[in-house]
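Worksheet for the structure shown next.
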Amino acid sequence: MKAMMIGAMALLACCISGFKGAEAPGAGDAEWTGRLVGSWEGNVGGARYTEEWRRVDAGTFEGVCTTWSGDKPGSIERARVTRFADQWLYLANPGGAKITAFVRVSADDDTWVFENKEHDFPKRIGYKLAGRNGLVAWIAGASDEGRMEFMLKRVE
């Protein structure tokens, strides 16, 4: 277990060192991440899609993103938004595959954008909070090519 943690931290450090222009956390970060917490649901490509986010601590939030096939989960991705080395990271673990790190490159009151230019697809992940009950999640290639949006409503 200890060796796995050391290996994961080394991988994360390598990923972070290759990013340029990442933005340091701002004063509104706690409010933004607090608004992300909860259960969200929408329809993506004809399938029910959900994201469930919970607060682990002041700088870490865990999410489970699920595409449903009827009442059974089709695909599951674990995600984490965490503050590390004065930066916000989005860690994605689709279907138990290799963890991919994205660094927050922009933020305002409603929108956070994470980027990993080295990843095949997506290269960018974004979240835009729309009031208290709306969330637009999106993934895209470089310069928003192939952008796919997930329109979600708060269900809890």
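The values are calculated or read from the model by the stated rules, or taken from the named source; none is laboratory data. Fair warning: this is a prediction, and the values are worked out from it, not measured in the lab. A quick note on method: Cβ atoms are made from the backbone with ideal geometry, for glycine too, and the neighbour counts reach across all protein chains shown.
Some values worked out for this structure:
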read-out: Flag if Arg80 is buried (at least 20 other Cβ atoms within 10 Å of the Cβ) and charged (D, E, K, R); value: no
read-out: Any hit, region 14-35, residues being surrounded by 12 or more Cβ atoms within 10 Å (Cβ to Cβ), within 16 Å of the chain's Cα centre (by Cα), at pLDDT 95 or above and small (Gly, Ala, Ser); value: no
read-out: Strands (runs of 3 or more DSSP E) contained entirely in region 80-156, each with at least 2 residues that are more than 24 Å from Arg48 (Cβ to Cβ); value: 87-94, 100-107, 111-115
read-out: Count of region 105-127 residues which are in contact with a Leu (Cβ under 7 Å, 6 or more places away or on another chain) and among the charged types (D, E, K, R); value: 1
read-out: Complete set of residues in region 92-133 that are charged (D, E, K, R) and out of contact with any strand residue (DSSP E or B) (no Cβ under 8 Å at 6 or more places or on another chain); value: Lys98, Asp108, Asp109, Lys117, Glu118, Asp120
read-out: Residue check for Arg132: within 19 Å of Glu31 (Cα to Cα), basic (Lys, Arg) and in contact with a Leu (Cβ under 9 Å, 6 or more places away or on another chain); value: no
read-out: Residue check, Glu77 modelled with pLDDT of 95 or more, within 19 Å of Glu149 (Cβ to Cβ), acidic (Asp, Glu) and touching a Phe, Trp or Tyr at 6+ places or on another chain (Cβ under 9 Å); value: no
read-out: So Lys72, is it over 13 Å from Trp32 (Cα atoms) and without any contact (Cβ under 8 Å) to a residue 12 or more places away in the chain; value: yes
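For (1) at positive phi; (2) in contact (Cβ under 8 Å) with a residue 40 or more places away in the chain; (3) within 15 Å of the chain's Cα centre (by Cα), each residue gets a yes or a no:
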residue: Val105; (1), (2), (3): no, yes, yes
residue: Asp109; (1), (2), (3): no, yes, no
residue: Phe114; (1), (2), (3): no, no, yes
residue: Phe121; (1), (2), (3): no, no, yes
residue: Leu129; (1), (2), (3): no, yes, yes
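For every residue, the table says whether it meets (1) touching a helix residue (DSSP H, G or I) at 6+ places or on another chain (Cβ under 8 Å); (2) crowded, with 16+ Cβ neighbours inside 10 Å.
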{"residue": "Gly95", "(1), (2)": "no, no"}
{"residue": "Lys98", "(1), (2)": "no, no"}
{"residue": "Trp112", "(1), (2)": "yes, yes"}
{"residue": "His119", "(1), (2)": "no, yes"}
{"residue": "Arg132", "(1), (2)": "yes, no"}
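So that you can scan it fast, the table gives a plain yes or no per residue for (1) closer than 18 Å to Asn93 by Cβ; (2) at pLDDT 95 or above:
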{"position": "Trp112", "(1), (2)": "no, yes"}
{"position": "Pro122", "(1), (2)": "yes, yes"}
{"position": "Lys128", "(1), (2)": "no, yes"}
{"position": "Gly131", "(1), (2)": "no, no"}
{"position": "Trp138", "(1), (2)": "no, yes"}
{"position": "Ala142", "(1), (2)": "no, no"}
{"position": "Gly146", "(1), (2)": "no, no"}
{"position": "Lys153", "(1), (2)": "no, yes"}
